[in-house]
Amino acid sequence: QVQVVESGGGLVKPGGSLRLSCETSGFILSDFYMTWIRQAPGKGLEWISGISSSSTYKNYAASVKGRFSISRDNAKRSLFLQMNSLRVDDTAVYFCVRGGGRYGLDLWGQGTTVAVSS
Amino acid sequence: EIVMTQTPLSLPVTPGEPASISCRSSLSLLDSDDGRTYLEWYLQKPGQSPRLLIYRLSDRASGVPDRFSGSGSGTDFTLKISRVEAEDIGVYYCMQSLEFPRTFGQGTKVEIK
């Protein structure tokens with residue numbers, strides 16, 4: 001089955017850290033650029049980070065640059081997002097998404113919820 | 001970064017009738033190297049994850065009905081639904097894929113009149 005499944009979300013205090021994981025199946029991960037998108041409660045979609053197929057290129061939104069780090073392990077079919085110095089406005093559903101190069105974001109997970117609150 | 005602006009933000013529609021959503025970018029989305037325009041459309045139905053509808057301005061994603069079409073050029077784009085069906089309700093987003101960081105429009109909520 002072709003899918004991506006996120007995990008690792010939870011409740012964390014401001015200034016804390018979380019590491020999100022995305023397990024992929026049904027396709028060859030090393031063939032694809034991968035992306036993290038988030039959606040704050042009741043808000044629109046925000047692109048936050050992407051990584052090329054062999055990890056050569058990593059891109060970040062200004063809102064997370066310097067605090068978040070994207071990585072991948074193609075052999076383990078997994079994508080990661082290390083989130084440090086979390087802020088209240090990082091509260092959102094985080095989606096792992098296949099694609100993000102020039103051919104669209106074509107496979108979305110169900111999302112994992114991150115809540116940052118004291 | 002490229003700013004994406006959608007209009008309208010809310011669109012009441014009648015099943016069987018056409019509908020269109022506009023999206024404008026602050027910079028041309030034409031890639032002069034390959035001549036393609038990098039604009040995408042997504043639909044997020046209530047309670048679901050978003051789904052890709054259109055990429056590279058007018059290419060329909062796999063499984064997307066042909067009543068959906070994308071058009072435009074430079075900085076002005078349109079998503080058209082030739083005949084709206086009840087299942088088309090949700091929030092539509094445009095996104096530019098010319099440059100990083102990628103950026104989305106605010107979203108257009110489509111609902112049945």
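The values are calculated or read from the model by the stated rules, or taken from the named source; none is laboratory data. Since the structure is predicted, the reported quantities are computational estimates derived from the model, not experimental observations. Note that we place each Cβ from the backbone using ideal geometry, even for glycine, and neighbour counts take in every protein chain shown.
When restricted to residues that are more than 7 Å from chain B (Cβ to nearest Cβ), surrounded by 15 or more Cβ atoms within 10 Å (Cβ to Cβ) and part of a loop (DSSP other than H, G, I, E, B), region A:44-62 contains 2. Scan region B:64-80 residue by residue and report those that are surrounded by fewer than 21 Cβ atoms within 10 Å (Cβ to Cβ) and either more than 19 Å from A:D106 (Cβ to Cβ) or among the aliphatic types (A, V, I, L, M) (or both). Across region B:64-80, the qualifying residues are B:V64, B:R67, B:S71, B:G72, B:S73, B:G74, B:T75, B:D76, B:T78, B:K80.
Given (1) modelled with pLDDT of 95 or more; (2) more than 25 Å from A:C96 (Cα to Cα), identify the lone condition not met by B:P101. The failed condition is (2). Among the residues of region B:22-36, those identified as touching a Ser or Thr at 6+ places or on another chain (Cβ under 9 Å) and surrounded by fewer than 23 Cβ atoms within 10 Å (Cβ to Cβ) are B:S22, B:R24, B:S26, B:L27, B:S28, B:L30, B:D31. Within region B:38-60, is there a residue that is of a type in the set (K, R) and surrounded by fewer than 16 Cβ atoms within 10 Å (Cβ to Cβ)? Checked region B:38-60: at least one residue is of a type in the set (K, R) and surrounded by fewer than 16 Cβ atoms within 10 Å (Cβ to Cβ). Summed over region A:63-114, residues that are within 14 Å of chain B (Cβ to nearest Cβ), over 23 Å from A:L11 (Cα atoms) and free of Cβ contacts under 8 Å to residues at least 40 places away in the same chain total 4.
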